[in-house]
Amino acid sequence: MTAARPMLDTYREVITPEGVPLQLPAAGPVPRALAWLIDLIIRFGALALMSPLLIPLGGLGKGLYLGLMFLMFWAYPIVLEVCWGRTLGKRALGLRVVARDGAPLGWLQAIVRNLLRTVDMLPFGYAVGLVSCLCDAHGRRLGDLVAGSLVIHTPPRAATAPARIDTVLAPPLALQPNEQIALIAFAERAPALSSARQQELADIASGLSQDRGQTGVLRLYAMANWLLGRR
């Protein structure tokens, strides 16, 4: 049972600098492989479309084709993962690449994780990468382990309407600076979380909000507005 765990999606918990715990839903090898396949089709599709236009140019066209091939197979994933957090294939599967602490991926991390694909592909069919994913609790291939990156599922948008953030409520007790920072961080990050996750985090601070569930979420939003001077 333990060996099969990495085949499934798991959660990696990290603590933000503000002290707020976040659970990152790590993606298993199956959705990652499907995203890679979509990206591969996109790459070859782009090359196939440009090939008839470049062939008549002779030597110049050949040089441009080689340059395009380099961009599609190396620059394409690096630039998109840094600027957008994901390639088109990952977007189609609802995946995103982040740093191990949940922060956006940096240029060096993106370059390292993509250069090491040449090792993950060995000896064929991404065998090294697959073994690494199966041995790691969060499904990371060798490139992710070296670069300090993680592929996660993008949290789905809540089906319910987001909590209102235009109300203001003074906290019922004086808050220490670190508590104020944590409350403001919650209000900033919560809209990107599911409704259930918002309520789970808000319940931790139920002693402050004096309520639980969605009402507790609303009260924390209102207190954060008060701290930010939105009166």
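The values are calculated or read from the model by the stated rules, or taken from the named source; none is laboratory data. As the structure is a computational prediction, the values presented were derived from the model and not from experiment. Neighbour counts run over all protein chains shown; Cβ positions are idealised from the backbone, glycine included.
Cβ-Cβ distances below 6 Å connect the following pairs, each with a first residue in the range 37-48 that is closer than 10 Å to Met72 by Cβ, a second residue that is assigned to a helix (DSSP H, G or I), and a separation of six or more residues or different chains: Asp39/Gly89; Ile42/Leu88; Arg43/Met72; Ala46/Met72. Would you confirm whether or not the range 50-65 contains a residue that is under 22 Å from Leu34 (Cα atoms) and surrounded by fewer than 17 Cβ atoms within 10 Å (Cβ to Cβ)? No: the range 50-65 contains no residue that is under 22 Å from Leu34 (Cα atoms) and surrounded by fewer than 17 Cβ atoms within 10 Å (Cβ to Cβ). Scanning the range 189-214 for residues that are touching a helix residue (DSSP H, G or I) at 6+ places or on another chain (Cβ under 8 Å) and free of Cβ contacts under 8 Å to residues at least 12 places away in the same chain yields a total of 2.
Residue-wise test of (1) under 28 Å from Ala99 (Cβ atoms); (2) modelled with pLDDT under 85; (3) surrounded by 15 or more Cβ atoms within 10 Å (Cβ to Cβ).
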site	(1), (2), (3)
Val168	no, yes, yes
Pro177	yes, yes, no
Pro191	yes, yes, no
Ala205	yes, yes, yes
Ser209	no, yes, yes
Leu218	no, no, yes
Asn225	no, yes, yes
Arg230	no, yes, no
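Taken as a whole, the structure places Ala103 among residues that are loosely packed, with under 14 Cβ neighbours inside 10 Å, within 10 Å of the chain's Cα centre (by Cα) and over 14 Å from Arg32 (Cβ atoms).
Yes/no matrix, rows are residues, columns are (1) within 20 Å of the chain's Cα centre (by Cα); (2) assigned by TED's automatic domain parsing to the domain that holds Leu173; (3) in a helix (DSSP H, G or I):
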position: Ala190; (1), (2), (3): yes, yes, yes
position: Arg197; (1), (2), (3): yes, yes, yes
position: Glu200; (1), (2), (3): no, yes, yes
position: Asp203; (1), (2), (3): no, yes, yes
position: Asp211; (1), (2), (3): no, yes, no
position: Gln214; (1), (2), (3): no, yes, yes
position: Arg219; (1), (2), (3): no, yes, yes
